[in-house]
Structures are given as structure tokens and as C-alpha cells.
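Reading through the C-alpha cells given below for one structure.
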Amino acid sequence: MHASDLSRRSVLAGTAVTAALAGLPSLQGRSQAAESMVGAASAATPYDWRNVFIGGTGFVTGVVFHPAVKGLAYARTDMGGAYRWDDGAARWIPLLDWVSQDDSNLLGVESLAIDPGKPDRVYLALGTYTQSWAGNGAFLRSDDRGATWTRTDLSVKLGSNEDGRGTGERLLLDPRNSDTLWLGTRHDGLLKSTDRGATWAAATGFPPKPSASGQGVTLLVAVGRTLYAGWGDGDGSTSANTLYRTTDGTTWVPVPGQPTGTTAKLPMRAAYDARADELYVAYADAPGPNGQSDGSVHKLAVASGKWTNVTPVKPSSSDSFGYGGASVDVQRAGTVVVATNDRWSSGDTLFRTTDGGRTWTSLKDSATMDVSETPYLKWGRDAAIFGSWIQMAAIDPFDSQHIVYGTGATLYGTLDLKKWAPQIRGLEETSVLFLISPPTGQAHLLSGSRDIGTLYHNQLTVSPAGGLATNPVFTTAAGLAQAANKPSYVVRTGTGDNGNGAFSNDGGQTWTPFKAQPSDAKDAPGPIATTADGSVLVWSFIHWDGTKHATQRSTDNGATWSVVSSFPAGATPLADPVDPKVLYAFDTATGKLFASTDKGLTFAARATGLPSGDAGFKLVAAPGRSGDLWLSTKGNGLFRSTDGGRSFAKITSCQDSFTLGFGAKADGASYLSIYHVATVGGVTGVFRSDDAAKTWRRINDDKHQWGWLGETITGDPRIPGMVYLATNGRGIQFGQSA
């Protein structure tokens, strides 16, 4: 990574949304004849896809620089894939967008490894969750820097989005044989492959016994020809958290003299200073990123076996935190950085030493933070903080003053140890829940997401200038709705410390909090609807544990609320886009469609016998048409009602339906364009229909799948062929007919 990547230019900075949408430049590797027609004879139109630019927003858990190639680096994220740095373009290139919906558990990267002697080789260990409902992990190897992959399915589960996601690396190439790799797992011990990951087996001679809890192998690092492995199945206060080593690849033994007893925390990260022949190990009392209250940094003089406590600042009851993120400067002996994590009292920092840990400097103390490229990082404050959830840091082997560190929201970098800015272009990891494309106004897109709340996108190629929505700030969006006949009026709900609901009279640019909050709003904010004229709000409440609470109604912008006892608890309210007196709700527990004709005062059942259960359901109303309802049901297909939910007919042109939305009519079409994440003709993908679901054509391809896509999709009501797609880890994708 060179200096150019920290310049203040944005990706297509300053491009107005109208210009961006009118003539987007071709995308590198764009999808071509990827679309399949079902029941139609006309040729498919290729789609160009790219990210709506937000900039990061997710947890960057690891960056590995290649020691032999300047400007070559890889990044891993907890649930948003892996990336390679393109030094010429000064941006990250996603490497896993081909991961399908069925394989969405593989979009999380547990660990990565490079081959120091063969720069084109890179390896990934994939798997987001270890719970019983999650699939097994997979191992990938590439001989062309991630352009193509060879996959091996594993018999174990990996957990890149679980506690301990910032430890590592857990994957290591053996320095004695580049065909041999080691993989540390959470619950299945240490694995070894002697054929570059084509096959795996339990490593012999590794003494710890794997368990169903704990962290298992937390890190692997090479010190010359000796390998070290961190073990993290203890409780933070016993010697069960141990560092092991092997000199022959067969026999593993505890490292003599290592910290024991109350100082034996989990080994989080390790870095070897070859010039000084010293190994630095960062410890914490919990795997993090939350729950850490104590930690330390120790170094091992490899030749003598002497351990030294070189902790920069000892945590205390009033200043509690853990350590992690160790990295050494390969050009300068004794120069090391380590990261604090979960330090809420004074904020996390990077400590840097140039004398082997005798003295340390907090880099935060002299830092200036420039987040002009990604303003959401101010989180509603006047300025950005240095960062939180810092569990990784990396020093560029070709530039001692180029350091990057990952947080729960971005990747920061510096070229002079003082000026820091997001080094994140091309890396988008947002988990998106809601999308609205307004029919009028400056913004072509509003979004609601996990971790960053609501954003107003008046440009698609620049991070929203206003940052995330404030007054109040919501951590995670729970609802987002616009009055169909009064699009300047928008409401949002979410989790936040200063209220859980707000309304806007300028299309989502500025917000006013509801004057009153129902008692359930704090712990159970849920989806909200506003009638077509914006005069009534209907707010559903669902606790994070799934408990459903009574829905409430307001006729005064949230100043007062009253219970709607006839509304099915936990259902998502939906307003008719034409008639301001009508609202709908689909009760997933009973498979009944409910409707109100008195602005939400009362609801009564209409259609019954529809699919029910815990599977995903999405009820959508076709814009500009009263009573035209479409119901997506995971596992049961697509249903449509043209009489306000009194009856539904099943759409037979698709086999499965995950989410559906509408956009502007195609030229010559009599019905709105429908955009659909579905299974059609046995293929799951993103589809478009211009004839009211009689026929579909696929508009993504196997290189552009982005994992799970079941939350929401919408077309642009002003631009035929434009579609916005929510992903669970790869941000907002927008596509346009080429």
C-alpha cells in the first residue's frame, strides 16, 4: 500500500447521483451473459454491479502484508469476506463475492495465510458460526492471488463472527515445507495438511483436548523453523491457557517459563522479531471483542528462553481492558506495536515501542483523525475517536511508518504515525436490513443497517456526507418506512440510548425524535409503518429474544401511543401505498393476512391458510396500486393478492422466494419491474420480471452472489433497470442494465 491510498480523494468523489446513475463506467469483471430466461425467448440484458459506497462499517479482524512483494496485502473480516489490496487502484478487491446463498456461512473468514516464497499463493479458512445450525467450514487455496480458488470442505465448524474473532492468525504455512499447513480450530483441536489443504487430519502429538466451549487454538506463528500455538480453553485464571511449541512438527510441548497462574490470560496474538530473535505475545482475560478487563504483553528471548513482562500499561479496576494486535517492524529490531481492546475508560489505542518493550508510546495521544471520506465514523459526535474493538494491527514490511489497525467499523491507516484515515476503499461489510428508493427528492436511496443505523444516500459513490442519522443515533435499525403519498415524511426505529423512534419531514435528511416512547420501545423496538398520507404510525415490538409485545399506534408523530389489541403481535405492519385508511399485517404464526380499513384502529383477518412458521416472510405492496400485495415465503414460494389480501394465488414461475421489490416500468411494459431474490428453474439468484412475474431473467451471475440476500431488495422508481440489493455482510449492491 502506497501513499496514494491515504490521499483524500473518494471513489468517484463528487459524482452527483443523477450523473452516476445516468452513465456509470463499466466495472472491472462485470457480469456478462449471466442471466437465465425462464419462459421467455428474448435475450437477457447484462447487469453491472457495484457497492453503494459507505466505507467499511464492519469488523476488520486481520490484515497480512506479503513480506516479499511491496503493496501486496490481504484483509479478512468477521462476516464480509476477504479482500486483496490493489496498489495501483488504491482500493481493496473483494475475493469472495462468488459465495452463494446456500454457502453464506462461508462469507466469514476465520483466518488467512500467505506463502512468503510464492507470492501468488494465498489461503483462507472460512466459516462464520460454530452453532449446530451452521454448516461446516471450508478451506480455499489460490495460485493467482485470489482470482480463482480450489475448495476443500472441512469436517469441522469455524467461527469468524463469534467471540475470539480477533485472535490469530489460526492458519499457518509451515516454513519447512510450503505444502504443509496448520489450522487451529475452536472446538476440534489442531489440524494439519501436507497437500496444501486438499486433505486435513488431526495433528498428532498436540496435547490439549478439544472441547465444545472455549477458544481452542487461538494463534499459530513460526519462529524460524519452530512453530508456536496458543491454546485458549482456560477461564483466564489458570494455566489451561498455554503456549505450545514444536521443533519437529510432531511433538508439541508447553513453552518453559511462560506466564502462569493469574497472569496466564488467553494468548491473543503473537509476532516474531527476527532481528532481535524475540517473540511478543499479547494476552487478554477473555476472547473479546467484548468482556475483556485485564491483559498483558510478554516477550520471549528465543535463544535463552527468558520471558519478560513488557506490558505498556497495566489494566486496573478503573481502567480495564485486554491486549491484542501484536505486530513487529521487520526493518527495525525492537520496534513493535500492540493494541488495547475493550478499553472504555479512556478509549483504545496502539502502543509502540522502539526499544524492545522497555518504553512505550501511545499513538492515539498524537493522532489526528480524518474521516472526511467516511463521515459516519463520527457517530454523531464532533470528531471521530481513535477506535474501539482494536484486535489487530499490522506494520507494512516495506514502510515502517505505514501501520494499519482494524476496528469494529473500519480499517485505519497512517503513513507518518500521526495522521490517520480510513484505508477502506472497496471494502464494504455492512449488514443491511432496510432499503427505500424514494420517488422524489435528492436521495435515490435510504438504508437501515445493523451497527450504523440509517443513512441518507444522495450519492451512491460517496459515503453519505451527513454520516449516520442522528437525533437520535440508533446503533441498529429496526424499522424504516416512508409515506407513499407524502415521500418527504419518513419514520425510523432502532436500538439507541436516547430514544428508539424518530420522524423526518425532509425525506430523511434531518430527524426529530418521537416525544414519547412506548414502554417496550427500549428493549424491543421493531418494524414501523406510516399510512400513505403520513398521518398514522403503527409500531410493532419484538424483543431480541423473540418475545412479541403489543403493537401501538400514534396519530401525532409519536407524541402519544395507544395499544392496537387486534394487531397480530410481532407482525410487520405495512401501509397500502394508495389508500391512507388501509394497512396490512401478515401473521407468520397462523398464516393469516390481517387488514385495517380505519387507519390502524382495528385489524381483521382476511386470507387464511397461507404458509406459516419461522421461515422468512416478506409482505410487499406494489407502489401506486391499492391492494396489490406480494408475499415472499422461504421454502413455499411466492403468492400474490390483487384484492387487498382477501385471497392469494401462488405464482408458479418460481420455486422459492426470499424477498421482493419493485422499480420503474421497463419501456413498453404495462406493469412495474419486479426484482426478486428467488429460486427459478432450480437456480437461486437475483431475478427481474417485466411482465408481472410471468417470466424471469437472472440479473446476477455466479461471480456476484454475495452470500445471504434474503432481507430486502428494491428497484428505483425513477430509473428503469436500476436495483438496490441488501446483503448480510457485503453492504448494498446496486445494479444497472448495461
Per 0.36 nm of contour for each residue apart, how much would the distance between residue 650 and residue 306 grow if the chain were fully extended, relative to their Cα-Cα spacing? 116.6 nm
So, with a 1.4 angstrom probe, what is the percent of accessible area on the chain that is carbon and sulfur? 50 percent
Net charge of Cβ neighbours under 9 Å - reference residue 577; Lys, Arg +1; Asp, Glu -1: -2
Here, residue 260 and residue 290, labelled 7 Å along Cα→Cβ, have an inter-label distance in nm of 3.5 nm
In the set (1) 48; (2) 68; (3) 60, which value of percent of Cα pairs over 34 Å apart was calculated from the structure you see? (1)
Any idea how far apart residue 665 and residue 199 come out in nm if each label point goes 7 Å out from Cα toward Cβ? 6.3 nm
nm² value of the averaged projected area, convex hull over the Cα atoms of segment 580-738: 9.7 nm²
Just reorder 599, 665 by solvent-accessible area, largest first, 1.4 Å probe, all chains present. 665, 599
Calculated from DSSP helices alone, with each H run of at least 4 adding -39500 (n - 2.57) and the total divided by the residues of the chain, [θ]222 nm to the nearest 500 comes to 0 deg cm²/dmol
Candidates per chymotrypsin sites (Phe, Trp or Tyr not before Pro) in segment 399-445, loop by DSSP, up to 10 other Cβ within 10 Å: none
Give me the accessible area per residue for the chain, probe 1.4 Å, as a whole number in Å². 35 Å²
As a test question: what accessible area, to the nearest 10 Å², does residue 278 have when a 1.4 Å probe is rolled over all protein chains in place? 30 Å²
Would you please name the chymotrypsin sites (Phe, Trp or Tyr not before Pro) within segment 296-337 that are DSSP coil residues with at most 10 other C-beta atoms within 10 Å of their C-beta? none
Based on Cβ point charges of +1 for Lys and Arg and -1 for Asp and Glu, what charge dipole magnitude is obtained for the chain about its Cα centre, in debye rounded to the nearest 20? 280 debye
What length, rounded to one decimal in nm, is gained on full extension from residue 702 through to residue 516, with 0.36 nm per residue of separation minus their alpha-carbon distance? 62.2 nm
Within segment 522-542, whose backbone N sits under 14 Å from a point 7 Å along Cα→Cβ of residue 626? 532-533
Calculated FRET efficiency, residue 691 and residue 91, Cβ-Cβ r, R0 51 Å, to nearest 0.05? 0.85
Among the trypsin sites (Lys or Arg not before Pro) in segment 259-364, which ones are in a DSSP loop with at most 14 other Cβ atoms within 10 Å of the Cβ? Mind listing them? 275, 332, 358
Note down the nm distance, to one decimal, between modelled labels 7 Å out along Cα→Cβ at residue 222 and at residue 247. 1.9 nm
Alpha-carbon centroid distance for the pair segment 194-223 / segment 249-300, whole angstrom: 17 Å
Area projected by the alpha carbon convex hull of segment 384-487, averaged over all directions, nm²: 8.0 nm²
What does the extension gain come out to for residue 148 and residue 163, with contour length at 0.36 nm per residue minus their alpha carbon separation? 2.4 nm
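The values are calculated or read from the model by the stated rules, or taken from the named source; none is laboratory data. All of these numbers come straight from a predicted model, not from anything done at the bench. Every residue, glycine as well, gets a Cβ built from its backbone with ideal geometry; the counts of neighbours run over all protein chains shown. Side chains are part of the model used for accessible areas, which takes the heavy atoms of the whole protein and leaves out ligands, DNA and RNA. Shrake-Rupley method; radii C 1.70, N 1.55, O 1.52, S 1.80 Å.
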